[in-house]
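Working notes, beginning with the structure itself.
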């Protein structure tokens with residue numbers, strides 16, 4: 001018995017291993033950590049396929065979506081209705097379809113780059129850039145579109161910057177980014193100040209949220225493009241009447257993507273440009289930010305975040321990630337949950353509970369799709385597990401996989417990748433209706449291994465959830 005070993009992989013809710021963003025062959029991690037994963041769901045008790053995507057009715061260029069939707073309001077503003085904005089159009093969206101009649105999609109006069117939409121006191125406001133400058137439109141949710149409302153109606157309007165325009169509301173106040181400025185609109189007085197707060201040259205407001213009776217304003221400083229940024233998060237009085245800031249948190253030489261609030265905690269997505277994989281999710285605590293998880297890809301912006309099963313879901317390089325845990329008893333973890341559709345993604349939102357993602361192939365194809373069924377382009381790899389005892393290598397005798405009771409068509413294929421993934425065993429099918437325990441004889445010698453799960457031959461309607469993987473062997477010269 002002293003010559004034998006049994007290694008158990010379970011508790012897959014732990015998500016990515018701590019150093020997976022730096023090394024896909026990492027040994028650092030626990031029994032449930034992944035060194036790599038693609039489109040898998042580890043948010044529940046077991047490891048299974050991530051959600052697939054289904055286009056909304058009229059959700060492609062053949063219907064109503066002829067451009068990339070940049071931002072979708074993450075709440076419904078009336079029964080089964082919310083709104084999104086693309087480069088030149090305003091879209092009305094339900095839980096199942098994109099409106100293609102009744103004035104929608106609405107073409108915004110002069111728009112070249114739609115930025116965000118906001119709901120305030122029964123009206124929808126939409127921010128967009130023009131060939132020169134920018135403006136704010138207003139829709140009464142009935143029949144009247146006032147595309148140049150911002151520049152013609154409220155008292156105090158001055159020229160808007162051609163810039164990113166995140167927006168947020170509370171009661172009768174709307175705050176919005178305006179390049180180097182943060183602007184404010186008071187609905188009750190119908191007054192606007194587009195440069196209420198000035199953060200200086202070479203700055204840009206990246207996101208705004210309202211939390212604990214104050215506005216939090218994320219500001220990036222520096223030259224735009226691929227250059228390093230210096231970032232701050234400023235606290236501002238909830239009444240938005242003062243010209244003074246209440247407090248600030250210095251993020252340092254890092255760039256902020258978005259702010260997101262769950263249960264009174266404000267989370268931040270930000271980037272350290274000095275190394276690949278320098279993307280992080282952290283949270284604000286006092287006057288500092290505490291990092292939680294790291295990821296690779298790209299920095300998500302204010303329009304690419306939402307709440308899903310008590311976790312933050314966000315987009316990075318065309319993929320949907322989840323950060324958090326479904327219940328407080330489980331650890332805060334990062335996983336790569338689903339595909340975003342086409343390679344270039346725009347907005348992510350879940351105004352009706354089910355996440356929806358806008359994407360384009362960059363040419364002629366556009367789509368707005370929502371989670372539906374299961375993906376099959378799914379895979380998961382454990383951390384590298386060493387099986388060396390002094391001068392003696394390990395010999396893998398068998399693998400036992402425990403699953404939920406499988407339905408007809410459910411399948412996942414298993415391989416072992418040996419010696420830093422330099423060689424691979426045959427594929428073994430985890431399948432068979434009604435089966436829960438799957439035993440495979442391996443008979444391979446190695447210094448280390450990792451388990452590779454592949455659902456590409458699985459089902460889009462019948463999942464194959466993995467409960468536990470046991471790898472048994474002995475040491476052999």
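Scanning the stretch 86-98 for residues that are in contact (Cβ under 8 Å) with a residue 24 or more places away in the chain and farther than 10 Å from residue 56 by Cα yields a count of 6.
Just one of the numbered conditions (1) free of Cβ contacts under 8 Å to residues at least 24 places away in the same chain; (2) closer than 26 Å to residue 45 by Cβ is not true of residue 426: (2).
Restrict the check to the stretch 62-69 and report whether at least one residue is farther than 19 Å from residue 308 by Cβ, touching a helix residue (DSSP H, G or I) at 6+ places or on another chain (Cβ under 8 Å) and not in a strand (DSSP E or B). No, that holds for no residue. Filtered by the rule that a residue be within 27 Å of residue 186 (Cα to Cα) and not in a strand (DSSP E or B), the stretch 242-290 gives 242, 243, 244, 263, 264.
Within the bounds of the stretch 238-254, is there any residue that is surrounded by fewer than 20 Cβ atoms within 10 Å (Cβ to Cβ), touching a strand residue (DSSP E or B) at 6+ places or on another chain (Cβ under 6 Å), assigned by TED's automatic domain parsing to the domain that holds residue 167 and under 24 Å from residue 350 (Cβ atoms)? No, every residue in the stretch 238-254 fails to be surrounded by fewer than 20 Cβ atoms within 10 Å (Cβ to Cβ), touching a strand residue (DSSP E or B) at 6+ places or on another chain (Cβ under 6 Å), assigned by TED's automatic domain parsing to the domain that holds residue 167 and under 24 Å from residue 350 (Cβ atoms). Candidates 456, 423: the one that is in the same structural domain as residue 23 (by TED's automatic domain parsing) and under 28 Å from the mean Cα position of the chain (by Cα) is 456. Within the stretch 129-167, the set of residues being farther than 19 Å from residue 203 by Cα and in a strand (DSSP E or B) comprises 135, 136, 137, 138, 139, 145, 146, 155. Could you say whether any residue in the stretch 461-477 is more than 32 Å from the chain's Cα centre (by Cα), at pLDDT below 95 and either surrounded by fewer than 18 Cβ atoms within 10 Å (Cβ to Cβ) or closer than 30 Å to residue 91 by Cα (or both)? For the stretch 461-477, residues more than 32 Å from the chain's Cα centre (by Cα), at pLDDT below 95 and either surrounded by fewer than 18 Cβ atoms within 10 Å (Cβ to Cβ) or closer than 30 Å to residue 91 by Cα (or both): present.
Would you confirm, using the coordinates I've provided, whether residue 433 is within 32 Å of the chain's Cα centre (by Cα) and loosely packed, with under 13 Cβ neighbours inside 10 Å? Judged against the criteria, residue 433 is not a match. Screening the candidates 211, 239, 231 for the property of being more than 24 Å from the chain's Cα centre (by Cα) and on the phi < 0 side of the Ramachandran plot yields one hit, 239.
Only residues in the stretch 280-295 that are over 14 Å from residue 332 (Cβ atoms) count as the first member; pair them with residues that are assigned to a strand (DSSP E or B) and at pLDDT 95 or above, Cβ under 6 angstrom, at least 6 apart or cross-chain, and list the lot. Taking only residues 6 or more apart or on different chains, the pairs are 284/266; 289/268; 289/282.
If I ask for residues that are free of Cβ contacts under 8 Å to residues at least 60 places away in the same chain, closer than 25 Å to residue 374 by Cα and crowded, with 20+ Cβ neighbours inside 10 Å, which ones from the stretch 51-76 would you list? Residue satisfying the conditions is 58 alone.
For the structure I just gave you, tell me whether residue 443 is on the phi > 0 side of the Ramachandran plot and in contact with a strand residue (DSSP E or B) (Cβ under 9 Å, 6 or more places away or on another chain). In short, yes. Among the residues of the stretch 77-97, not a single one is modelled with pLDDT of 95 or more, crowded, with 23+ Cβ neighbours inside 10 Å and not in a strand (DSSP E or B). Taking each residue of the stretch 358-382 that is at positive phi and looking for partners that are surrounded by fewer than 24 Cβ atoms within 10 Å (Cβ to Cβ) with beta-carbon atoms closer than 6 Å, six or more apart or interchain, yields 362/344; 373/52; 373/460; 373/461.
When 222, 277 are screened for being surrounded by fewer than 17 Cβ atoms within 10 Å (Cβ to Cβ), closer than 28 Å to residue 360 by Cα and touching a residue at least 12 places away in the same chain (Cβ under 8 Å), only 277 passes. Would you be able to say whether some residue in the stretch 373-380 is in a strand (DSSP E or B) and in contact with a helix residue (DSSP H, G or I) (Cβ under 9 Å, 6 or more places away or on another chain)? Among the residues of the stretch 373-380, at least one is in a strand (DSSP E or B) and in contact with a helix residue (DSSP H, G or I) (Cβ under 9 Å, 6 or more places away or on another chain), which makes the answer yes.
The values are calculated or read from the model by the stated rules, or taken from the named source; none is laboratory data. Nothing here was measured: the structure is a model prediction, and the numbers come from that model. Glycine also receives a Cβ, built like all others from the backbone with ideal geometry; neighbour counts cover every protein chain displayed.
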